Amino acid sequence: MLNLGVKNTLRILRGTSVGMYLGDKDGNDVLLPKKYIPDDVIVGNDIEVFIYKDSEDRIIATTLEPKVKLNEFAYLQVMAVTGIGAFMDWGLEKDLFVPFKEQNRKLQVGDWSAVYVYLDEDTERLVGSCKVNRFFEKENIELEEGQEVDLLVFEETNLGLNVIINQKYKGLIYENEVFQRIKLGSKVKGYVKQLREDSRIDVSLQKQGYANVEPNAERILEKLKASEGFLDLTDKSDANYVMYQLEMSKKTFKKAIGSLYKQRLIRIEEDGIYLV
């Protein structure tokens with residue numbers, strides 16, 4: 001069976017003037033156009049390809065790497081808008097179609113938006129939806145507090161940054177806990193801070209408590225070495241200045257320099273900290 005929207009491992013059946021035909025174990029075949037054929041493949045080899053429908057609605061194979069696959073979220077840019085909807089760049093020759101009914105605002109060329117890719121049952125086409133909230137898993141949350149997770153930052157709110165967790169859940173990083181420069185569309189590592197009773201998930205960009213000291217202590221050491229052994233930061237420094245210099249909270253900074261001081265790796269003076 002040829003599976004739309006995902007990677008398929010298929011056998012190279014034969015070559016033609018327009019490309020190579022690939023087949024599965026059920027006897028289905030699909031064309032891999034000539035421009036996508038790697039140099040080192042021969043008939044009889046297996047090859048991994050992405051399957052989708054081209055602009056003429058034909059099932060086609062490609063070795064290009066899509067930015068998003070079936071049942072996944074991404075943050076994409078609008079490349080064109082027509083009378084039926086918007087088209088977003090997802091890394092393939094044919095842009096991803098987002099119908100007007102699947103837009104939570106009127107998209108314009110150049111706009112960026114979070115999008116979820118699903119298979120439209122009526123047309124059997126891969127389609128994008130910017131109404132991503134309905135696709136998040138809300139019931140069976142298989143996460144633990146403190147767990148490291150993959151985050152995709154997709155929306156700014158008055159509370160902070162909404163993120164997609166592990167391509168499955170929606171989470172929130174509170175504004176007062178963002179201690180580094182981060183923009184919409186960024187993919188970063190994070191940590192589950194709290195699993196709330198209302199099924200909402202609070203996440204942090206840093207480990208909680210003393211588990212966060214070691215990597216941040218290392219960051220301070222690296223900054224000291226790059227700054228000729230001195231930083232004009234102390235436990236009395238302004239929190240915003242600490243965040244600007246080190247991309248961490250003042251609380252984390254104080255814990256980290258405390259750890260470094262106990263290890264006699266730094267000395268703390270009134271004007272700042274020095275590398276020993």
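The values are calculated or read from the model by the stated rules, or taken from the named source; none is laboratory data. All values reported here derive from a predicted model rather than from experimental measurement. Neighbour counts are summed over all protein chains in view; Cβ atoms, including those assigned to glycine, are modelled from backbone coordinates with ideal geometry.
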Among (1) within 24 Å of E137 (Cα to Cα); (2) modelled with pLDDT under 85, the one test that L205 misses: (2)
Members of region 248-276 that are part of a loop (DSSP other than H, G, I, E, B) and surrounded by 17 or more Cβ atoms within 10 Å (Cβ to Cβ): M248, S249
Yes/no for E222 being at pLDDT 85 or above and either within 12 Å of F179 (Cβ to Cβ) or assigned to a helix (DSSP H, G or I) (or both): yes
Residue within region 121-128 that is within 21 Å of N166 (Cβ to Cβ) and not assigned by TED's automatic domain parsing to the domain that holds K170 present: yes
Pick from region 118-148, criterion within 15 Å of G85 (Cα to Cα) and touching a helix residue (DSSP H, G or I) at 6+ places or on another chain (Cβ under 9 Å), ranking: surrounded by the most Cβ atoms within 10 Å (Cβ to Cβ): G128
Pick from region 225-276, criterion hydrophobic (A, V, I, L, M, F, W, C) and more than 27 Å from I182 (Cβ to Cβ), ranking: modelled with the lowest pLDDT: V276
Residue count, region 69-126 (criterion: in contact (Cβ under 8 Å) with a residue 40 or more places away in the chain and either of a type outside the set (S, T, Y) or touching a Lys or Arg at 6+ places or on another chain (Cβ under 7 Å) (or both)): 18
